[in-house]
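These notes are about the structure you will find just below.
The values are calculated or read from the model by the stated rules, or taken from the named source; none is laboratory data. Note that the structure is a prediction, hence the values are computed from the model and not measured. When we count neighbours, we look across all protein chains shown, and the Cβ atoms used for this are built from the backbone with ideal geometry, even at glycine.
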Amino acid sequence: MLIEPRESTDPIARQLILEQQAEVAVLQGAGHVEYRLRADIEFMLGLIDGHPVGCGALQPITAGIGEVRRVYVRPAYRGQGLSKLILAALEERAFERGYHTLRLEAGRMMNRAIGLYRAAGFAAIPAYGEYAGNPQSVCFEKSLVAALA
């Protein structure tokens, strides 16, 4: 799989995000909250033979801290470890950008995503920022200093 950066306005990245959000909305039902992406977000797009199969994004929170957003692999390509590759590419990009810490949020019902994040070394933390107070949110954090130095 080739993983390459894309701008927030990229139509392929936008299509993958629409697919991801539709899937999350079905899983979460009436409790679904859609958190908006900011303009300063950077996407990483996963391609196999030129076809988009997944994505993830990196969004700054504060100096040295970034947030992983919208990690998604199309259903036909799941079970091949592609989300691990996308997450690793996001971690590498974050380290290159000077982030020492990454955070992320997942819905409580996203068991596979939560398993991915835990396996990648993310530890549970209290809900932060816009996720605070949402009982559907589970938040995680990882130090990149020890992981990628």
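Below are the figures for this structure:
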quantity: Residues located in segment 38-85, provided they are of a type in the set (F, W, Y) and in a strand (DSSP E or B); calculated: F43, Y72
quantity: Test: I65 is among the hydrophobic types (A, V, I, L, M, F, W, C), surrounded by 13 or more Cβ atoms within 10 Å (Cβ to Cβ), in contact with a Lys or Arg (Cβ under 8 Å, 6 or more places away or on another chain) and at pLDDT below 95; calculated: no
quantity: Residue list for segment 62-90, filter: under 14 Å from E19 (Cα atoms) and of a type in the set (V, I, T); calculated: V71, V73
quantity: Qualifying residue in segment 117-133 (condition: in a strand (DSSP E or B), more than 21 Å from P11 (Cβ to Cβ) and modelled with pLDDT under 95); calculated: no
quantity: Residues within segment 95-113 that are outside any strand (DSSP E or B) and more than 11 Å from the chain's Cα centre (by Cα), tallied; calculated: 11
quantity: Considering residues of segment 123-134 that are of a type outside the set (F, W, Y) and in contact (Cβ under 8 Å) with a residue 40 or more places away in the chain only, the residue farthest from Y99 (Cα to Cα); calculated: N134
quantity: Residue identified as within 24 Å of V138 (Cβ to Cβ), over 12 Å from the mean Cα position of the chain (by Cα) and of a type in the set (V, I, T) among I3, I65; calculated: I65
quantity: Residue ID - modelled with the lowest pLDDT, chosen from residues in segment 1-32 that are out of contact with any strand residue (DSSP E or B) (no Cβ under 8 Å at 6 or more places or on another chain) and either assigned to a strand (DSSP E or B) or β-branched (V, I, T) (or both); calculated: V26
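Conditions (1) among the hydrophobic types (A, V, I, L, M, F, W, C); (2) farther than 21 Å from V26 by Cβ; (3) free of Cβ contacts under 8 Å to residues at least 12 places away in the same chain, marked per residue:
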residue: D40; (1), (2), (3): no, yes, no
residue: L47; (1), (2), (3): yes, yes, no
residue: G54; (1), (2), (3): no, no, no
residue: I65; (1), (2), (3): yes, yes, no
residue: V73; (1), (2), (3): yes, no, no
residue: E91; (1), (2), (3): no, yes, no
residue: G98; (1), (2), (3): no, yes, no
residue: R103; (1), (2), (3): no, yes, no
residue: A113; (1), (2), (3): yes, no, no
